[in-house]
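Data block below; observations after.
The values are calculated or read from the model by the stated rules, or taken from the named source; none is laboratory data. In this text, all values refer to a predicted model and were calculated from it rather than measured experimentally. Note that each Cβ is placed from the backbone with ideal geometry, even for glycine, and that neighbours are counted across all protein chains shown.
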Amino acid sequence: MPDLDRRTWIKLTGLAGAALASKPGVGVASPPIARLAELKPGRPVPFSYPDAASPCWLMRLGAPTAGGIGPDGDVVAYSALCTHQGCPVAVEDGRFICPCHYSQFDPARGGQCYQGVASTPLPRVQLEVRDGAIVATGMDGLVWGRVDDGPLGGGR
C-alpha cells in the first residue's frame, strides 16, 4: 500500500464522509416527493423512503394534525407496510387499511392502529418543505422488517 500524505488522507476521508452522509435514512433529504401546492386533501401520493423497497404514502389531510407540515400543518407521510406482518396498506376513506389481517391506521392520529391485530402505529416519515417541494428527511420508527433505520440490507 503506498504511503499517503496528509493532503491525500484528508481528501479521501472527506469523500468517504460525504458518501456516508448521503445515504437515505441518515438525515439527508430525499428527492422531492410532490409540490405542496399540488396536493389535494384525501388524495394520497405514493413514494419510497428510505429506499426503493420501502413504500410510503404522503397525504394532505385537510385539517391540522400533530407532526403535520405545510402552512396548515395537515401534510403527513407514513410507511405503507403494516406493522403486524409487513403487508402493504391501502388508503380508503382517509385511513390506511391492511388487506391481510384488516388492521386500520389513522393518519390524523400519528398512524395509530385503531382496529385489527397490529400493535404499533405506522412509522411516520419526517418531512420538510423546501422551495415549495416536499422532501423526506428521516423516519420516526422502524419500517417493518428492519433492525435499524438505514437502507434495506445496509444499516449504518
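Here are the numbers for the structure shown:
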read-out	value
In segment 68-96, residue nearest to ARG43 (Cα to Cα) [restricted to those that are acidic (Asp, Glu) and surrounded by 14 or more Cβ atoms within 10 Å (Cβ to Cβ)]	ASP74
Boolean, GLY111 is crowded, with 17+ Cβ neighbours inside 10 Å, at positive phi and at pLDDT 95 or above	yes
Residue check, VAL143 of a type in the set (Val, Ile, Thr), at pLDDT below 95 and crowded, with 20+ Cβ neighbours inside 10 Å	yes
Verdict on GLY70 being closer than 14 Å to SER30 by Cβ, of a type in the set (Gly, Ala, Ser) and in contact (Cβ under 8 Å) with a residue 12 or more places away in the chain	no
Selection count where residues are touching a Ser or Thr at 6+ places or on another chain (Cβ under 7 Å), not in a loop (DSSP other than H, G, I, E, B) and not small (Gly, Ala, Ser), scope segment 30-54	0
Qualifying positions in segment 33-53 - free of Cβ contacts under 8 Å to residues at least 24 places away in the same chain and surrounded by 13 or more Cβ atoms within 10 Å (Cβ to Cβ)	VAL45, SER48
Cβ pairs under 8 Å, 6+ apart, first in segment 104-133 and hydroxyl-bearing (Ser, Thr, Tyr), second buried (at least 21 other Cβ atoms within 10 Å of the Cβ)	TYR114/PHE105; SER119/THR83; SER119/CYS113; THR120/THR83; THR120/CYS113
Residue tally, condition assigned to a loop (DSSP other than H, G, I, E, B), within 16 Å of the chain's Cα centre (by Cα) and among the small types (Gly, Ala, Ser), over segment 77-104	2
Failed item, numbered, when THR137 is tested on (1) over 28 Å from ALA37 (Cα atoms); (2) hydroxyl-bearing (Ser, Thr, Tyr); (3) touching a residue at least 12 places away in the same chain (Cβ under 8 Å); (4) part of a strand (DSSP E or B)	(1)
Residue in segment 119-128 that is assigned to a loop (DSSP other than H, G, I, E, B), on the phi > 0 side of the Ramachandran plot and not acidic (Asp, Glu) present	no
Test: residue in segment 106-124 that is under 18 Å from ALA34 (Cβ atoms), under 16 Å from the mean Cα position of the chain (by Cα) and aliphatic (A, V, I, L, M)	no
